[in-house]
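Participant: Structure below; questions to follow.
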């Protein structure tokens with residue numbers, strides 16, 4: 001598979017970026033990706049058009065047709081090297097990309113935003129066409145404005161796939177909970193909203209959301225119906241308070257349809273939560289195959305969830321030259337509008353162009369570490385010293401600490417070391 005030669009592919013890409021501008025040796029093939037048919041443009045780095053349009057199917061026959069045409073043009077014009085470039089479009093580009101890599105071809109990516117802006121730069125127009133987009137992709141490649149096509153090990157791809165699945169399941173769970181709270185509780189028993197989040201609340205929604213029904217229960221009967229697990233005085237008092245609220249509830253009258261809806265909503269949560277738990281177990285199982293995972297767990301604030309997300313995002317730590325590239329990957333790099341401004345008036349902010357899920361996980365890790373770990377508490381207090389009254393300073397420092405965490409994680413993965421507090425001061 002292509003992932004076994006990832007380091008050599010990365011080195012070849014870096015060399016390509018250095019020598020592509022004005023080179024006479026490269027055949028550049030820009031491909032506009034679609035679901036069923038792709039459009040390819042053949043040209044050179046000097047701007048010469050060799051074949052304006054080749055339409056091929058998203059099948060193995062279509063891929064072979066592309067390679068046959070490539071070899072014919074390469075032989076006719078005596079071009080030594082070939083590079084294929086494409087704009088990532090959903091998942092439609094991945095079969096072609098991996099097929100070309102398996103065939104030993106150089107493949108690069110061109111960002112969709114770059115193609116759009118290049119289209120407008122040529123003649124100030126926004127006219128969009130598949131053939132033109134393929135030419136724009138080739139034009140950007142000839143300028144070296146392209147990205148490395150990452151094809152990591154299967155374990156990393158499995159981990160990323162499961163993290164994406166977990167994120168989707170979490171959204172589904174959140175959707176159910178919002179519907180229960182905003183469509184059912186808010187309409188039929190609004191006073192119950194203050195107790196949302198307790199296990200008994202979902203049982204109440206499932207079995208007896210109608211306040212008039214709750215008011216008619218004896219105390220022990222209501223508790224037996226909705227309570228599970230160990231009985232405590234705190235739980236008993238909470239259920240007594242809910243029953244008192246039901247007596248004078250302002251909720252709407254509830255019919256059989258609403259009761260059925262409540263039943264479906266609560267029961268729909270159970271398989272989703274089971275799927276989330278199974279996914280988390282599978283993620284942990286895959287993560288344990290990587291020695292870097294154990295190093296990440298030694299960082300204060302890094303639990304299994306944060307460590308898995310960092311591991312999945314970084315993949316091969318050696319593909320980054322420096323920490324600035326790591327921060328750009330997460331969108332934690334700083335940028336400011338300095339045009340016509342002096343330096344004190346140009347306020348830098350993070351770009352937010354990278355992985356939002358990773359940034360959120362790192363922020364939570366920074367918050368936990370600065371709240372519970374002695375060394376990080378001292379470090380964070382020192383960073384705030386003299387700036388306590390500055391607006392938003394704590395959030396800024398947490399974001400700054402998040403960036404440090406990511407760089408530390410990258411360093412530990414690369415050096416195969418456990419965390420030491422000295423790493424905090426070295427970043």
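Participant: Please go through (1) assigned to a loop (DSSP other than H, G, I, E, B); (2) without any contact (Cβ under 8 Å) to a residue 60 or more places away in the chain; (3) more than 26 Å from the chain's Cα centre (by Cα) for residue 90 and return the number of the only condition it doesn't satisfy.
Facilitator: (3)
Participant: Something else now. Across region 94-104, which residue is surrounded by the most Cβ atoms within 10 Å (Cβ to Cβ) among those that are more than 12 Å from residue 31 (Cβ to Cβ) and touching a strand residue (DSSP E or B) at 6+ places or on another chain (Cβ under 9 Å)?
Facilitator: 101
Participant: Sticking with this one: If you take the residues in region 314-346 that are assigned to a helix (DSSP H, G or I) and in contact (Cβ under 8 Å) with a residue 60 or more places away in the chain, which one is surrounded by the fewest Cβ atoms within 10 Å (Cβ to Cβ)?
Facilitator: Restricting to residues being assigned to a helix (DSSP H, G or I) and in contact (Cβ under 8 Å) with a residue 60 or more places away in the chain, the top hit is 318.
Participant: Please find, among 262, 308, the residue that is closer than 29 Å to residue 148 by Cα and either at pLDDT 95 or above or in a helix (DSSP H, G or I) (or both).
Facilitator: Answer to the selection: 308.
Participant: Can you name the helices (runs of 4 or more DSSP H) wholly within region 159-240 that have at least 3 residues being within 29 Å of the chain's Cα centre (by Cα)?
Facilitator: Output list is empty.
Participant: A further question on this structure: Scan region 53-66 and give yes if some residue there is part of a loop (DSSP other than H, G, I, E, B) and touching a helix residue (DSSP H, G or I) at 6+ places or on another chain (Cβ under 8 Å), otherwise no.
Facilitator: Yes, some residue in region 53-66 is part of a loop (DSSP other than H, G, I, E, B) and touching a helix residue (DSSP H, G or I) at 6+ places or on another chain (Cβ under 8 Å).
Participant: Now for a separate question. Suppose the filter is in contact with a strand residue (DSSP E or B) (Cβ under 8 Å, 6 or more places away or on another chain), outside the structural domain of residue 163 (by TED's automatic domain parsing) and at pLDDT below 85; does residue 335 pass it?
Facilitator: Details: in contact with a strand residue (DSSP E or B) (Cβ under 8 Å, 6 or more places away or on another chain): yes; outside the structural domain of residue 163 (by TED's automatic domain parsing): yes; at pLDDT below 85: yes.
Yes.
Participant: Now for a separate question. Out of the residues in region 190-212 that are more than 12 Å from residue 242 (Cβ to Cβ) and in contact (Cβ under 8 Å) with a residue 24 or more places away in the chain, which is surrounded by the most Cβ atoms within 10 Å (Cβ to Cβ)?
Facilitator: In this case the residue turns out to be 210.
Participant: Could I ask something else about it? When you look at residue 148, is it crowded, with 16+ Cβ neighbours inside 10 Å and closer than 27 Å to residue 17 by Cα, yes or no?
Facilitator: Working: crowded, with 16+ Cβ neighbours inside 10 Å: yes; closer than 27 Å to residue 17 by Cα: yes.
Yes: the conditions hold for residue 148.
Participant: Same structure, new question: Quick check, is residue 47 within 29 Å of residue 128 (Cβ to Cβ) and modelled with pLDDT of 95 or more?
Facilitator: It is false that residue 47 is within 29 Å of residue 128 (Cβ to Cβ) and modelled with pLDDT of 95 or more.
Participant: When you scan region 164-187, do you find a residue that is touching a strand residue (DSSP E or B) at 6+ places or on another chain (Cβ under 6 Å) and surrounded by fewer than 21 Cβ atoms within 10 Å (Cβ to Cβ), even just one?
Facilitator: Checked region 164-187: no residue is touching a strand residue (DSSP E or B) at 6+ places or on another chain (Cβ under 6 Å) and surrounded by fewer than 21 Cβ atoms within 10 Å (Cβ to Cβ).
Participant: Collect the residues in region 371-401 that are closer than 13 Å to residue 300 by Cα and either under 21 Å from the mean Cα position of the chain (by Cα) or without any contact (Cβ under 8 Å) to a residue 40 or more places away in the chain (or both), keeping them in residue-number order.
Facilitator: Within region 371-401, 371, 374, 377, 401 qualify.
Participant: Let me ask something else. Any idea how many residues of region 75-87 are surrounded by fewer than 18 Cβ atoms within 10 Å (Cβ to Cβ) and outside any strand (DSSP E or B)?
Facilitator: Counting residues in region 75-87 that are surrounded by fewer than 18 Cβ atoms within 10 Å (Cβ to Cβ) and outside any strand (DSSP E or B) gives 5.
Participant: In region 347-366, is there at least one residue being under 28 Å from residue 167 (Cα atoms), over 21 Å from the mean Cα position of the chain (by Cα) and surrounded by 12 or more Cβ atoms within 10 Å (Cβ to Cβ)? Steps first, please.
Facilitator: Within region 347-366, the first condition is being under 28 Å from residue 167 (Cα atoms), and the residues that meet it are 349-366.
Checking the rest, the ones that are also over 21 Å from the mean Cα position of the chain (by Cα) come to none.
No, region 347-366 has no match at all.
The values are calculated or read from the model by the stated rules, or taken from the named source; none is laboratory data. Predicted model, so just to flag it, every value in this text is computed and none were measured. Note that we place each Cβ from the backbone using ideal geometry, even for glycine, and neighbour counts take in every protein chain shown.
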